[in-house]
Every structure is written in structure tokens, then in C-alpha cells.
Amino acid sequence: MDGANAASADSPSRANSLTRRLASVAILIPALVAAGWWTVATIAAVSVCAALAISELFAILRQGGLTPRLGPGLTVGLALCAAAALRPFTSLDLTGLALACGVSLTLGYELLPRDRSASLQSWALTFTGGVYIGWLLSAFILLRQIDTPMRAGLLAPLGIPPGAAWLFLVLAITWIQDSAAYFVGRACGRHLMAPILSPKKTWEGFVGGMVASILTALVAVPLLGLPISLLAAGLIGAAAGIAGPIGDLGESLVKRQMGVKDSGNLIPGHGGILDRMDSLLFTGPVVYYGVLLGLVFS
């Protein structure tokens, strides 16, 4: 097939893919806003996402011939989400308890009668996978629980709850950074950032994403009425601008090692839930601790 015909044949496919992606976004954004508006909804959404992401991660590992244990892995991940959800109601270190119990559960599970030739590997993958998803995602529950009063921002008439404003901040930073990196890299990318893991990522795109991340954080202060200084917001944006690409490349490393392109096909045009959350897994905790520091020093 010659180049013209190939381009013609590819066009409907690309158009259909773009349509699926836009339709998915049109559904996802209102769902995410609703999930962030109420604490209970946030806890439920994070828990469901954690369960789906762990399932996808373990499916990827199994395709590579490894043997993580789904049941114990889900238990560890959801226990860490529960520990975050219960933090306002107790002074106990429930996260530490969840980690301790997780170690015992996942290692103890390997003592059950079976072929133990890969037990050590399975234990490590099961515990690490549950922590990787559950612990990092629990930062979104902790962000939603921050109830420091907001200032009078431009969007104050909407009555956005304080915790929801912080959630919208991390979502905006991550997605705008990712989009800016894509378009800048596509327009003027010349120097590959990680050619083996992600052949399309460039350092020019990274810089574009970093600038967008910082600007998004700065604009969010007057827009949402965030009670932090512009300096704190800029530093949070910069830290998230570094963390997001690392999270993206981290998942790419896992998929590349296992010979998998996407983590799943749950979201039309976007792949699996883990494909959509790889950057958020890293930016969530970074923004959470950045906000805590920003509130102290602002």
C-alpha cells in the first residue's frame, strides 16, 4: 500500500480513536468532580480505582510469567486506603499497622501448601504491588480530608469544599503537565528522554510540562482561593512536574519488562485505569506533603 493510501486508511482509525478518547473524557471529568466533592465519594472512588489498578498490574505481571497473589495484594492495597480514610477518627498509626499486617499476610500466604519454587518472588511482588497502588493512591483520601478554610477565590461562588479544591489542584497539575509535555514534545522535541522506555518522550516536552505544571499551580491559588503563598504553589508545581514523568516512566518500565503495551482496555481510547493513573500515583503524595508544608509556612 502506498503512502497516500496508507494515510487515507489510517485517517478513519485515528478519527475513531480521537472520538473515543473525547467521549471518555466527557464522561470521566464530571465523574471525577462528583467523586471529589464529597469525602465518602472520594474514599469509594479511590478504593475502586485501587482495586482495578492492582488487578491490572498483577495481570501484567502474570503475562510476563510471574505469580503475584491477587487476593492478598488487594487486601494490602485496600487496607492502606482504609487506614487513610480512618485517620481523622483515631490517633493510632493505622498506616503502620496496615503495612505490618500486610507483610505478615502476604508472607504467611506463601506458607500454604503449594509449589514454593517462586514463593519469595511472589511474596515480594504481591506486597510491593499492593503498596505501590494502595499507599500512593491513599494520598488522594488524605488530600480530601484537609479542611483548612479557603480564601475568597474567583471560583468561590461555586462553593467548592476545601478538600475538593486540593484534589482538583493535583488533577489539574498532572493532566495539564502531561498535555503540555505531549504537545511541546511533538512540536519541537529533539532530544529523547528515555528512548528505551518511552521513545516519544523528549527533554523539550519535559521542560514544557514543567512550565505548565508550575503555571497551573500558580493560577490555582487565586482561582480556587488556596490558602498558600505563590512561592509554595510554585514549588508544589515544580515538584509535581518532576514526579509525574517519573510515575509515567515507572509504569512504562513495568510494561516494557513484561512485553505489554497497555495495562488494560477499561477506558476506551485510553487503555486501562493504571495507564491513566501512573503519573497521579506519584503526583498525589508529592502535592499532599507539599500542601502540608505550604500551609505551615504560608
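Read the figures in this text as sums done on the coordinates, not as results from a lab. Quick caveat, the model's predicted, so the values are computed rather than measured. Cβ placement follows ideal geometry from the backbone for every residue including glycine, while neighbour counts extend to all protein chains displayed.
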By a straight-distance test (C-alpha under 15 Å), which aspartates and glutamates pair with Lys255 as possible cross-link partners, with residues fewer than eight away in the same chain excluded? Glu56, Asp275, Asp278
Once the dipole of the chain is set up with Lys and Arg at +1 and Asp and Glu at -1 on Cβ about the Cα centre, which of Ser55, Gly284, Val221 lies farthest towards its positive end? Ser55
Using 0.36 nm per residue, how much length does the chain from Lys200 to Arg186 gain when fully extended, once their Cα-Cα distance is taken away? 4.2 nm
Computed lengthening from Ser229 to Met258, 0.36 nm per intervening residue step minus Cα-Cα distance: 6.1 nm
The stretch 149-298: Kirkwood hydrodynamic radius (Cα pairs, Å) comes out at 16.0
Return the Cα extents of the chain along principal axes one, two and three, sorted largest first, each rounded to a whole Å. 67, 61, 33
Suppose a student asked you for the relative contact order of the chain, using Cα pairs under 8 Å spaced at least 6 residues apart; what percent would you report? 20
How high is the relative contact order of the stretch 38-145, in percent, counting Cα pairs under 8 Å that sit 6 or more residues apart? 42
Two decimals, Cα atoms only, Kirkwood Rh: what is Rg/Rh over the stretch 80-222? 1.12
Compactness of the stretch 38-145 - radius of gyration and Dmax, Cα, Å: 14.3, 47
Please work out how much length the chain gains when fully extended from Cys101 to Ala118, using 0.36 nm per residue of separation minus the C-alpha to C-alpha distance, in nm with one decimal. 4.0 nm
Sites matching trypsin sites (Lys or Arg not before Pro) across the stretch 96-181 that sit in DSSP coil, with at most 13 neighbouring C-beta atoms within 10 Å: Arg114, Arg116, Arg151
